[in-house]
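The values are calculated or read from the model by the stated rules, or taken from the named source; none is laboratory data. Bear in mind that the values here come from a model prediction, so they are computed numbers and not experimental data. Glycine gets a Cβ as well: all are built from the backbone with ideal geometry, and neighbour counts include every protein chain shown. Areas reflect the complete protein model, heavy atoms only, side chains present, ligands, DNA and RNA absent. Shrake-Rupley method; radii C 1.70, N 1.55, O 1.52, S 1.80 Å.
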Amino acid sequence: MQGNKEQNEAIVWNRGPAMILAGPGSGKTYTTVERVRYLIEVHGVDPAGILVITFTRAAARQMRDRFLIRMGETFHPVVFGTFHAVFFQILKTSCHYDSNSILTEKEKREFLRIVLHQQRAEDSFDPAWEEGLLSEIGRVKNAGQELSGFQSDCVEAEEFRRIFEGFCRQIQSAGRLDLDDFAPAVKRLFQTKPGVLKEWRRRFPYILVDEFQDINAEQY
């Protein structure tokens, strides 16, 4: 290994969970790639049991490419992916969703308008206001917080609760998924079906998360 002392300590760590504090340009990608290599070559870990999660597809692709080069272009089935990609793969495998199950941004607005027209008398709504509502709905889903503790900037608390619940019912009744549903849906799956959780724990005994400080409550 050619890393510095701190990087090498992170690379060889194998005694339980670890959180590495590192600033921009400090070699996080290098350290992650070397750690995966070390787990495989030194500890004999099955590459298929290693999951590396990033926040963007570009970061996942870069890390995958760097790892492939580091391993001499020899393929190892380590899984590199974003939170959304990983969660969707779990839902696809365990709940039989497919790509057609995911709502487009246009469809999200259409579902929201159905709910708004059911609860309000207006014929039309301001698109910016609609986007604000959708953003707030996403924040509640990703924070895993109770509706009673959320203060909307778009509508009164009771009206937001009705809109939120109506929006969720519309999606569920259609058998569809919003991107913001991925993490809560996986969490609910694992909580209600321990056998499924056990199977995925067995599938990925080693999980590495890039930019861990940016994860939200549901992803955690």
Principal semi-axes in Å for segment 36-150 [√(5λ), Cα gyration tensor, largest first]: 42, 14, 14
Segment 26-35 - phi-based ³J(HN,Hα) in whole Hz, Karplus 6.51/-1.76/1.60, Gly and Pro as x: 8, x, 5, 5, 4, 5, 5, 4, 5, 5
Amide H contacts of residue 209 (H built 1.01 Å from N, under 5 Å, at least 5 apart or other chain): 53
C-alpha long axis of helix 194-203 to longest principal axis of the chain, angle in °: 40 degrees
Rounded percent of accessible protein surface that carbon and sulfur make up, the chain, 1.4 Å probe: 51 percent
Residue-by-residue Karplus 3J(HN,Hα) for segment 16-25, coefficients 6.51, -1.76, 1.60, Hz, glycine and proline x: x, x, 8, 10, 9, 8, 8, x, x, x
Value of relative contact order over the chain, rounded to a whole percent, pairs C-alpha under 8 Å and six or more apart: 26 percent
Pairs of Lys in the chain closer than 15 Å at Cα, counting only those 8 or more apart or on different chains: 5
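Before anything else, pin down the relative contact order of segment 39-107: Cα pairs under 8 Å, at least 6 apart, normalised by residue count, whole percent.
Numbers: 48 pairs, mean separation 22.6, N = 69.
With pairs under 8 Å counted, the relative contact order is 33 percent.
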Positive-end extreme of charge dipole, segment 80-220 - chosen from 191, 142, 172 (charges on Cβ): 191
³J(HN,Hα), Karplus 6.51/-1.76/1.60, whole Hz, each residue of segment 69-81, x for Gly, Pro: 4, 4, 8, x, 6, 8, 6, 10, x, 5, 9, 10, x
Heavy-atom accessible area order for 197, 116, largest first, 1.4 Å probe: 197, 116
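With +1 on each Lys and Arg Cβ and -1 on each Asp and Glu Cβ, and nothing else charged, work out how big the dipole of segment 1-148 is about its Cα centre, in Debye to the nearest 20.
Computed about the Cα centre, the dipole is about 520 debye.
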Nearest 10 degrees, 0 to 90: helix 127-143 Cα axis against the chain principal axis: 50 degrees
Label selected from (1) 17.7; (2) 18.8; (3) 19.8, the criterion being Kirkwood radius over Cα pairs in Å as computed here: (3)
Long-range HN-HN contacts of residue 82 with modeled amide H, under 5 Å: 54
Within the chain, helix-based [θ] at 222 nm, where runs of 4 or more DSSP H residues each add -39,500 (n - 2.57), nearest 500: -17000 deg cm²/dmol
Rounded accessible area of residue 110 (nearest 10 Å², 1.4 Å probe): 80 Å²
Distant-in-sequence amide H partners of residue 177 (H built 1.01 Å from N, under 5 Å): 102, 103
Degrees separating the helix 157-173 axis from the principal Cα axis of the chain, which is the longest one: 70 degrees
Counting all C-alpha pairs of segment 1-87, share separated by more than 17 Å (%): 48 percent
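Under the definition of Cα pairs under 8 Å and six or more residues apart, what whole-number percent is the relative contact order of segment 33-78?
Details: 26 pairs, mean separation 22.5, N = 46.
Taking the mean separation of contacting Cα pairs over the length of segment 33-78, I get 49 percent.
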Ordering of 32-44, 206-218 by packing [mean C-beta count within 10 Å, highest first]: 32-44, 206-218
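Work out the length of the dipole vector of segment 74-209 about its Cα centre, built from +1 on the beta-carbon of each Lys and Arg and -1 on the beta-carbon of each Asp and Glu, and round it to the nearest 20 debye. If you can, show how the numbers build up before the last one.
Numbers: 19 positive and 20 negative charges, 228 e Å.
I would put it at about 1100 debye.
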Residue 12 - accessible surface, heavy atoms, 1.4 Å probe, Å² rounded to 10: 50 Å²
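Could you give the C-alpha radius of gyration of segment 140-187 expressed as a fraction of 2.2 N^0.38 Å, taking N as the number of residues it contains? If you can, show how the numbers build up before the last one.
Details: Rg = 11.3 Å, N = 48, 2.2 N^0.38 = 9.6 Å.
Working it through for segment 140-187, the quotient is 1.18.
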